[in-house]
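Asker: One structure is given below, represented as structure tokens, and several questions about it will come after.
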Amino acid sequence: MSHSVGLVVTSLLIPLAFQTLLTLALQAWGNWVSHRQGEGIWWMRAARGPVVAFALTVIGIVGSSIGLLLTYWSATSSPPEQRATVLVEGFTLSMNASALTAILSLLLNASSVVLFIVGTVRRSSPMRSTGDCET
């Protein structure tokens, strides 16, 4: 029993670690691009895109897990002739919620990469002045 639990935990932690490293790398790239482009408000917002995408992924996984747990719980208290219907409806709702956040996360990561490529290739903007005025 403990071997299967360890396998499940490992199969969850490896993708989570990879996603975390990918998010940190994309955010570092976004911060570099933002700094290179003069730290404009839109570049700074774009630099946060990977973190928001990661948060969406975590929300989707947690929401799906809670939905599945509630589905199992409600199926155990349902009459036997309705259990299949309760399970199918609960699974569908949980997977749709997970798919929605996964799609939004993927689109946000993809758009961040495109913006970072544009910011990397584009000529750097001069840094904003620190308040020193020459007269």
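Asker: Is it the case, given these coordinates, that residue 58 is free of Cβ contacts under 8 Å to residues at least 12 places away in the same chain and either part of a helix (DSSP H, G or I) or aliphatic (A, V, I, L, M) (or both)?
Answerer: Spelling it out, residue 58 is indeed free of Cβ contacts under 8 Å to residues at least 12 places away in the same chain and either part of a helix (DSSP H, G or I) or aliphatic (A, V, I, L, M) (or both).
Asker: Hey, can you tell me all the residues within region 27-44 that are part of a helix (DSSP H, G or I) and either surrounded by 14 or more Cβ atoms within 10 Å (Cβ to Cβ) or touching a Pro at 6+ places or on another chain (Cβ under 8 Å) (or both)?
Answerer: 27, 29, 30, 31, 32, 33, 34, 35, 36, 43, 44
Asker: In addition: Can you tell which of 87, 24 is over 29 Å from residue 120 (Cβ atoms) and in a helix (DSSP H, G or I)?
Answerer: None of the other options fit; the residue is 87.
Asker: Could I ask something else about it? Take the residues in region 45-60 that are of a type in the set (A, V, I, L, M, F, W, C) and crowded, with 17+ Cβ neighbours inside 10 Å, then tell me which one is nearest to residue 20 (Cα to Cα).
Answerer: Selected residue: 54.
Asker: Okay, next question. Got a number for residues in region 90-108 being farther than 30 Å from residue 30 by Cβ and surrounded by 13 or more Cβ atoms within 10 Å (Cβ to Cβ)?
Answerer: Summing the residues that are farther than 30 Å from residue 30 by Cβ and surrounded by 13 or more Cβ atoms within 10 Å (Cβ to Cβ) in region 90-108 gives 5.
Asker: Can you name the condition, by its number, that residue 111 falls short on among (1) surrounded by 13 or more Cβ atoms within 10 Å (Cβ to Cβ); (2) modelled with pLDDT under 90; (3) of a type outside the set (Phe, Trp, Tyr)?
Answerer: Result: residue 111 passes all but (2).
Asker: Taking the options 34, 2, name whichever one is modelled with pLDDT under 85 and among the small types (Gly, Ala, Ser).
Answerer: 2
Asker: Kindly evaluate residue 67 against the criterion of being more than 19 Å from the chain's Cα centre (by Cα), more than 28 Å from residue 120 (Cβ to Cβ) and surrounded by 14 or more Cβ atoms within 10 Å (Cβ to Cβ).
Answerer: For residue 67, the condition - more than 19 Å from the chain's Cα centre (by Cα), more than 28 Å from residue 120 (Cβ to Cβ) and surrounded by 14 or more Cβ atoms within 10 Å (Cβ to Cβ) - is not met.
Asker: So, in region 29-86, exactly how many residues are on the phi > 0 side of the Ramachandran plot and touching a Ser or Thr at 6+ places or on another chain (Cβ under 7 Å)?
Answerer: 1
The values are calculated or read from the model by the stated rules, or taken from the named source; none is laboratory data. Just so you know, these numbers come straight off a predicted model, no measurement behind them. Note: ideal-geometry Cβ built from the backbone for every residue, glycine included; neighbour counts use all protein chains shown.
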